[in-house]
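Structure, as structure tokens:
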Amino acid sequence: MRILVVEDDKKIASFIVKGLQEAGFAVDHATNGEDGLHLALNEPYDVMIVDVMLPKLDGLSLIGELRRNHLQTPVMILSAKRSVEDRVRGLQTGSDDYLTKPFAFAELLARIQALLRRSLGTSETTALKYEDLSINLLTREVSRAGRKIELQPREFALLEYLMRNAGKIVSKTMILEHVWNYDFDPQTNVVDVLVCRVRNKIDKDFERKLLHTLRGVGYVLKTES
């Protein structure tokens, strides 16, 4: 899953970006509202985290521009403003959630997962499951048929993306956009390598294969016909 963080405070931004990357997300960071708006309008994001007090273009104006451009990416506001009026104003502008500073990273992560569930129309609380394969979104634990599988953060991010799109074909470009940052060089075989690593971990020791390659098209998580 890919997240855009628009925050001008270097310390807070570093804290958020590092934490999200460690949790397996692909993260882009903009330090002002204008750059954040440009990225949001030109790159595919699953969630945006936006500070209110930003240089060049404030957060509420940024969100307003997104909605006027019919971009419905879920947006969480981060703000030191704690009054009810401030929260109401932020939500009325078009944001989906409002988190006040200071905050616990665990709460931020839980709210992001809630936004993802709502935007994708899923009902799960902390886990995704497909056939006998399951992942816990909070503990980052993966298992198949009750057997624990160890995944690196990028491998987990790929598997989460595939499971959220189970039964649907996802192309290499789609994987690059949601698992890596926007400035990643697409002229490499990193997707093939990552898919191979994940396939070896979730399929190698099992008779029924789940992760399939459609040559020249992409990849799909499905049961064999």
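The values are calculated or read from the model by the stated rules, or taken from the named source; none is laboratory data. Just so it is clear, the structure is predicted and the values come from calculations on it, not from any experiment. Cβ: placed from backbone, ideal geometry, glycine included. Neighbour counts: every protein chain shown. These accessible areas exclude ligands, DNA and RNA; they are computed on the full protein's heavy atoms, side chains included. Shrake-Rupley method; radii C 1.70, N 1.55, O 1.52, S 1.80 Å.
Normalised by 2.2 N^0.38 Å, with N the number of residues, the alpha-carbon radius of gyration of region 58-158 equals 1.33.
Charging the Cβ of each Asp and Glu at -1 and of each Lys and Arg at +1, and nothing else, the dipole of the chain about its Cα centre rounds to 600 debye.
The residue list HIS178, VAL142, ALA23 was ranked by how far each Cα lies along the charge dipole of the chain toward its positive end, using unit charges on Cβ atoms, and VAL142 comes out on top. Summary of the geometry: region 56-74 and region 2-28, compared by the centres of their Cα atoms, lie 19 Å apart.
Couplings for region 93-107, taken from phi via the Karplus curve 6.51 cos²θ - 1.76 cosθ + 1.60 with θ = phi - 60°, read 5, x, 6, 9, 7, 9, 10, 8, 8, x, 9, 8, 4, 4, 5 Hz in order; Gly and Pro are left as x. Using the average count of surrounding beta-carbon atoms within 10 Å as a protection proxy, the listed peptides 40-52, 193-205, 81-93 rank, highest first, as 40-52, 193-205, 81-93. Of all DSSP-defined beta bridges confined to the chain, some 45% are antiparallel rather than parallel.
Taking the centroid of alpha carbons for each part, region 81-122 and region 136-155 are 27 Å apart. Derived scalar couplings between HN and Hα for region 211-219 equal 9, 10, 9, 10, 4, x, 10, x, 9 Hz in order, rounded to whole Hz, by the Karplus curve 6.51 cos²θ - 1.76 cosθ + 1.60 (θ = phi - 60°), x for Gly and Pro. How much of the accessible area of the chain, probe 1.4 Å, is carbon plus sulfur, in whole percent? So the carbon and sulfur contribution to the accessible surface is 50 percent. Think of each Lys and Arg Cβ as +1 and each Asp and Glu Cβ as -1; about the Cα centre, that makes the dipole of region 22-82 roughly 340 debye. When the Gaussian network model of the chain links Cα atoms closer than 10 Å, the mean-square fluctuations of GLU131, GLU34, GLU160 top out at GLU131.
Computed from these coordinates, which is Rg and Dmax of the Cα atoms in Å: [x] 16.5, 46; [y] 18.3, 58; [z] 17.3, 55? Entry [y]. With protein chains left intact and a 1.4 Å probe, residues in the chain average 50 Å² of accessible area per residue. Amide H contacts for ILE149 (H built 1.01 Å from N in the peptide plane; partners 5 or more residues away or on another chain; cut-off under 5 Å): VAL142, SER143, ARG144.
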